[in-house]
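Have a look at the structure below, then the notes.
A short reminder: the numbers here are calculations on the coordinates, not readings from a lab. All figures in this text were calculated on a predicted structure; none of them were measured in a lab. Here Cβ is always computed from backbone atoms with ideal geometry, including for glycine, and neighbour counts include all displayed protein chains.
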């Protein structure tokens, strides 16, 4: 039995099916672009924390700050003024906090590539959806977990970790995980049905 549900030729020739495949190709390109953009943003953030010596970008208790005059407001510090250990800690935090979005866009790109090839309700589709759910849950939980780690270690500067979007991501991540499980159960039911003559 195949692991991929392929459309019959009559369905594959239907205009709606062609539109779905074309739309899926467009989304695969979009998510691929976002993947590279977030990977570049992660690399740029690490560079800023470790090597940027100006005063335009700084960090304070309310979060990051970009000041156009190059002089951070009171209560903000430049990354250059931090110790090397502090810089390394914040570079690691930046990588950890950026990783879920890279995982998210990697799997969304993979999912829509499968749809563009006409593969739906396959195990690989459900696996991509599961990783999308995991990425959303991780992106929701990591601000709080990083806050706890930085607070316990004494390295915390940015205390702006509580965001309403984290609650939304938790709910959406859980929902996507359930949808992925439904897809897997539906696939198993379809395979069982194919086994009967």
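Can you go through 174, 118 and tell me which one is part of a helix (DSSP H, G or I) and within 29 Å of residue 191 (Cβ to Cβ)? Outline the logic, then answer.
Numbers: 118 fails: part of a helix (DSSP H, G or I).
Going through 174, 118 in turn, just one is part of a helix (DSSP H, G or I) and within 29 Å of residue 191 (Cβ to Cβ): 174.
Would it be correct to say that residue 182 is free of Cβ contacts under 8 Å to residues at least 12 places away in the same chain, assigned to a helix (DSSP H, G or I) and more than 30 Å from residue 88 (Cβ to Cβ)? So residue 182 fits the description; yes.
Looking at region 56-79, which of its residues are without any contact (Cβ under 8 Å) to a residue 40 or more places away in the chain and closer than 21 Å to residue 89 by Cβ?
First, the residues of region 56-79 that are without any contact (Cβ under 8 Å) to a residue 40 or more places away in the chain: 56-58, 65-76, 78-79.
Scanning region 56-79 gives 57, 58, 65, 72, 75, 76, 78, 79.
When residue 102 is tested against the conditions (1) part of a helix (DSSP H, G or I); (2) loosely packed, with under 15 Cβ neighbours inside 10 Å, the lone failure is (2).
Considering the conditions (1) surrounded by 17 or more Cβ atoms within 10 Å (Cβ to Cβ); (2) assigned to a helix (DSSP H, G or I), residue 18 is excluded by exactly one of them, (1). The set of residues in region 49-79 that are surrounded by fewer than 17 Cβ atoms within 10 Å (Cβ to Cβ) and under 30 Å from residue 108 (Cα atoms) comprises 63, 64. Can you find a residue that is buried (at least 18 other Cβ atoms within 10 Å of the Cβ), touching a residue at least 40 places away in the same chain (Cβ under 8 Å), in a helix (DSSP H, G or I) and in contact with a helix residue (DSSP H, G or I) (Cβ under 8 Å, 6 or more places away or on another chain) anywhere in region 161-170? No. Taking first residues from region 126-141 that are free of Cβ contacts under 8 Å to residues at least 12 places away in the same chain and partners that are surrounded by 22 or more Cβ atoms within 10 Å (Cβ to Cβ), no Cβ contact under 6 Å between residues at least 6 apart in sequence or on separate chains turns up. What are the residues in region 143-160 that are touching a residue at least 12 places away in the same chain (Cβ under 8 Å) and assigned to a loop (DSSP other than H, G, I, E, B), if any? Listed by number, the residues that qualify are 155, 157, 158, 159, 160. Would a scan of region 87-94 turn up a residue that is crowded, with 19+ Cβ neighbours inside 10 Å and within 28 Å of residue 176 (Cα to Cα)? Yes, region 87-94 contains a residue that is crowded, with 19+ Cβ neighbours inside 10 Å and within 28 Å of residue 176 (Cα to Cα).
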